[in-house]
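This report concerns only the one structure given below.
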Amino acid sequence: GGNDDEARASQSLVYLSLGRLADGFAHYDCRFGADPTSPRRDYPQPHWDGGRVPGTLLIWGGQGLGDQILYASMLADATGHAERVVAEVEPRLVPLFCRSFPKVEVRPIGRELQADDIAAHCAIGSLGRHLRKQEPLATATSAFLTADAGRPAVLRPRLAADGPRVPALSWARRNRKYEPAPSAQHVDFAP
(Lines give C-alpha, C1' and ligand atoms only; values in the text may rest on other atoms or scores of the structure.)
Protein backbone atom coordinates (compact mmCIF):
# COMPACT_ATOMS: atom_id res chain seq x y z
CA GLY A 1 0.00 0.00 0.00
CA GLY A 2 0.87 3.70 0.05
CA ASN A 3 2.44 3.54 3.53
CA ASP A 4 4.72 0.68 2.48
CA ASP A 5 5.76 2.61 -0.62
CA GLU A 6 6.42 5.73 1.42
CA ALA A 7 8.55 3.84 3.94
CA ARG A 8 10.54 2.03 1.23
CA ALA A 9 11.00 5.27 -0.75
CA SER A 10 12.33 6.99 2.38
CA GLN A 11 14.60 4.04 3.10
CA SER A 12 15.95 4.14 -0.45
CA LEU A 13 16.82 7.85 -0.02
CA VAL A 14 18.68 7.08 3.20
CA TYR A 15 20.68 4.35 1.48
CA LEU A 16 21.47 6.64 -1.46
CA SER A 17 22.64 9.41 0.88
CA LEU A 18 24.95 6.89 2.58
CA GLY A 19 26.42 5.85 -0.77
CA ARG A 20 24.83 2.39 -0.63
CA LEU A 21 23.65 2.70 -4.22
CA ALA A 22 22.57 -0.89 -4.86
CA ASP A 23 20.37 -0.86 -1.74
CA GLY A 24 19.07 2.64 -2.49
CA PHE A 25 18.13 2.03 -6.10
CA ALA A 26 16.52 -1.35 -5.28
CA HIS A 27 13.40 0.38 -3.93
CA TYR A 28 13.76 3.81 -5.51
CA ASP A 29 10.74 3.20 -7.78
CA CYS A 30 8.55 3.18 -4.66
CA ARG A 31 8.67 6.98 -4.89
CA PHE A 32 5.91 6.77 -7.49
CA GLY A 33 3.57 4.93 -5.12
CA ALA A 34 4.53 7.13 -2.16
CA ASP A 35 3.65 10.38 -3.94
CA PRO A 36 0.50 10.28 -6.09
CA THR A 37 1.55 13.54 -7.75
CA SER A 38 4.76 11.99 -9.12
CA PRO A 39 4.74 12.22 -12.90
CA ARG A 40 4.78 8.51 -13.70
CA ARG A 41 4.56 7.57 -17.36
CA ASP A 42 2.49 4.40 -17.73
CA TYR A 43 3.73 2.96 -20.98
CA PRO A 44 2.29 -0.44 -21.92
CA GLN A 45 5.75 -1.77 -22.80
CA PRO A 46 7.79 -3.50 -20.11
CA HIS A 47 10.04 -1.64 -17.70
CA TRP A 48 13.68 -2.03 -18.63
CA ASP A 49 15.24 -4.95 -16.76
CA GLY A 50 18.85 -3.89 -17.31
CA GLY A 51 19.44 -6.31 -20.17
CA ARG A 52 20.10 -5.68 -23.85
CA VAL A 53 17.11 -4.04 -25.57
CA PRO A 54 16.60 -5.24 -29.17
CA GLY A 55 15.06 -1.96 -30.28
CA THR A 56 14.26 1.33 -28.61
CA LEU A 57 14.77 2.04 -24.92
CA LEU A 58 12.72 5.04 -23.88
CA ILE A 59 13.99 6.96 -20.86
CA TRP A 60 11.58 9.50 -19.40
CA GLY A 61 12.15 12.31 -16.93
CA GLY A 62 10.02 11.30 -13.97
CA GLN A 63 11.24 13.99 -11.60
CA GLY A 64 12.12 17.68 -11.54
CA LEU A 65 14.66 19.62 -13.55
CA GLY A 66 17.53 19.21 -11.05
CA ASP A 67 16.99 15.46 -10.72
CA GLN A 68 16.90 15.05 -14.49
CA ILE A 69 20.26 16.84 -14.71
CA LEU A 70 21.76 14.64 -11.97
CA TYR A 71 20.50 11.38 -13.46
CA ALA A 72 21.54 12.43 -16.97
CA SER A 73 25.01 11.28 -15.92
CA MET A 74 23.76 7.78 -16.81
CA LEU A 75 22.33 8.50 -20.28
CA ALA A 76 25.55 7.83 -22.17
CA ASP A 77 25.90 4.48 -20.36
CA ALA A 78 22.36 3.52 -21.35
CA THR A 79 23.26 3.75 -25.04
CA GLY A 80 25.35 0.61 -24.67
CA HIS A 81 22.24 -1.37 -23.70
CA ALA A 82 19.92 -0.70 -26.65
CA GLU A 83 19.93 -0.32 -30.40
CA ARG A 84 18.35 3.10 -29.95
CA VAL A 85 17.83 5.33 -26.89
CA VAL A 86 15.18 8.05 -26.77
CA ALA A 87 15.00 10.40 -23.79
CA GLU A 88 11.96 12.51 -22.91
CA VAL A 89 13.03 15.37 -20.65
CA GLU A 90 11.95 18.78 -19.39
CA PRO A 91 11.71 20.99 -22.52
CA ARG A 92 14.31 23.48 -21.18
CA LEU A 93 16.87 20.65 -21.07
CA VAL A 94 16.47 19.48 -24.66
CA PRO A 95 19.19 21.70 -26.26
CA LEU A 96 21.67 20.94 -23.46
CA PHE A 97 21.03 17.20 -23.57
CA CYS A 98 21.18 17.11 -27.39
CA ARG A 99 24.67 18.65 -27.25
CA SER A 100 25.78 16.46 -24.37
CA PHE A 101 24.45 13.08 -25.51
CA PRO A 102 24.73 12.85 -29.31
CA LYS A 103 23.90 9.12 -29.30
CA VAL A 104 20.58 9.77 -27.53
CA GLU A 105 17.53 11.10 -29.35
CA VAL A 106 16.30 13.80 -26.96
CA ARG A 107 12.72 15.05 -27.02
CA PRO A 108 10.65 17.36 -24.83
CA ILE A 109 8.41 15.46 -22.45
CA GLY A 110 4.73 16.19 -22.92
CA ARG A 111 1.39 14.97 -21.69
CA GLU A 112 1.04 12.43 -24.47
CA LEU A 113 2.96 9.17 -24.44
CA GLN A 114 5.41 8.62 -27.31
CA ALA A 115 3.86 6.69 -30.17
CA ASP A 116 7.15 5.23 -31.44
CA ASP A 117 7.90 1.54 -31.51
CA ILE A 118 9.34 1.17 -28.00
CA ALA A 119 10.74 -2.12 -26.71
CA ALA A 120 11.18 -1.04 -23.06
CA HIS A 121 11.05 2.10 -20.92
CA CYS A 122 12.57 3.44 -17.72
CA ALA A 123 12.34 6.58 -15.61
CA ILE A 124 15.62 8.49 -15.73
CA GLY A 125 16.01 8.23 -11.94
CA SER A 126 15.53 4.46 -12.12
CA LEU A 127 18.50 3.92 -14.43
CA GLY A 128 20.70 3.65 -11.34
CA ARG A 129 19.22 0.26 -10.46
CA HIS A 130 21.07 -1.17 -13.45
CA LEU A 131 23.84 1.33 -14.14
CA ARG A 132 25.05 2.61 -10.75
CA LYS A 133 25.16 -0.22 -8.25
CA GLN A 134 28.65 0.65 -7.00
CA GLU A 135 30.01 3.83 -8.55
CA PRO A 136 28.76 7.36 -7.80
CA LEU A 137 26.09 8.95 -9.97
CA ALA A 138 28.57 11.60 -11.00
CA THR A 139 31.80 12.83 -9.53
CA ALA A 140 33.32 16.30 -9.49
CA THR A 141 35.71 15.24 -12.27
CA SER A 142 33.17 13.52 -14.49
CA ALA A 143 31.79 16.23 -16.77
CA PHE A 144 28.78 14.91 -18.63
CA LEU A 145 27.14 18.13 -19.85
CA THR A 146 28.41 20.12 -22.82
CA ALA A 147 28.14 23.91 -22.77
CA ASP A 148 26.97 25.89 -25.77
CA ALA A 149 30.26 26.95 -27.39
CA GLY A 150 28.68 30.05 -28.95
CA ARG A 151 27.11 31.40 -25.76
CA PRO A 152 30.26 33.12 -24.33
CA ALA A 153 30.63 35.18 -27.52
CA VAL A 154 27.09 36.49 -27.02
CA LEU A 155 27.50 37.18 -23.30
CA ARG A 156 31.01 38.71 -23.23
CA PRO A 157 30.05 42.03 -24.87
CA ARG A 158 27.15 42.42 -22.45
CA LEU A 159 29.38 41.72 -19.45
CA ALA A 160 32.26 43.89 -20.69
CA ALA A 161 30.35 47.15 -20.17
CA ASP A 162 31.81 49.51 -17.59
CA GLY A 163 30.26 49.40 -14.16
CA PRO A 164 30.08 47.13 -11.17
CA ARG A 165 29.70 43.43 -11.69
CA VAL A 166 27.16 41.60 -9.60
CA PRO A 167 27.42 37.82 -9.23
CA ALA A 168 24.08 36.06 -9.12
CA LEU A 169 22.81 32.72 -7.93
CA SER A 170 19.29 31.41 -8.19
CA TRP A 171 17.81 28.16 -6.94
CA ALA A 172 14.10 27.51 -6.81
CA ARG A 173 11.78 24.57 -7.23
CA ARG A 174 8.39 24.50 -8.85
CA ASN A 175 7.23 21.47 -6.89
CA ARG A 176 4.91 22.93 -4.26
CA LYS A 177 5.37 19.99 -1.90
CA TYR A 178 9.16 20.48 -1.70
CA GLU A 179 9.57 24.10 -2.75
CA PRO A 180 10.42 25.70 0.63
CA ALA A 181 13.27 23.36 1.60
CA PRO A 182 15.74 23.63 -1.30
CA SER A 183 14.72 27.05 -2.61
CA ALA A 184 16.62 30.23 -1.84
CA GLN A 185 15.64 33.87 -2.05
CA HIS A 186 18.11 36.65 -2.87
CA VAL A 187 17.89 37.92 0.72
CA ASP A 188 19.29 34.57 1.91
CA PHE A 189 22.65 35.59 0.40
CA ALA A 190 22.74 39.14 1.83
CA PRO A 191 25.12 38.35 4.75
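Structural remarks
- Linear extension gain, Asp117 paired with Arg99, 0.36 nm per residue minus alpha-carbon span: 4.0 nm
- Basic side chains Lys and Arg get +1 at the Cβ, acidic Asp and Glu get -1 at the Cβ, and with that the dipole of the range 44-150 about its Cα centre reaches some 180 debye.
- Amide H contacts under 5 Å for Val53, placed H, 5+ residues apart: Ala82, Glu83
- A 1.4 Å probe run over the protein chains yields, for the range 50-139, 44 Å² of accessible area per residue, whole-number rounding.
- Computed FRET value (nearest 0.05) for Ser10 with Ala161, which takes r as the C-beta separation and R₀ as 45 Å: 0.35
The values are calculated or read from the model by the stated rules, or taken from the named source; none is laboratory data. Nothing here was measured: the structure is a model prediction, and the numbers come from that model. Counting neighbours? That spans all protein chains shown, and the Cβs are built from the backbone with ideal geometry, glycine included. Surface accessibility is based on the protein's heavy atoms, side chains included, excluding ligands, DNA and RNA. Shrake-Rupley method; radii C 1.70, N 1.55, O 1.52, S 1.80 Å.
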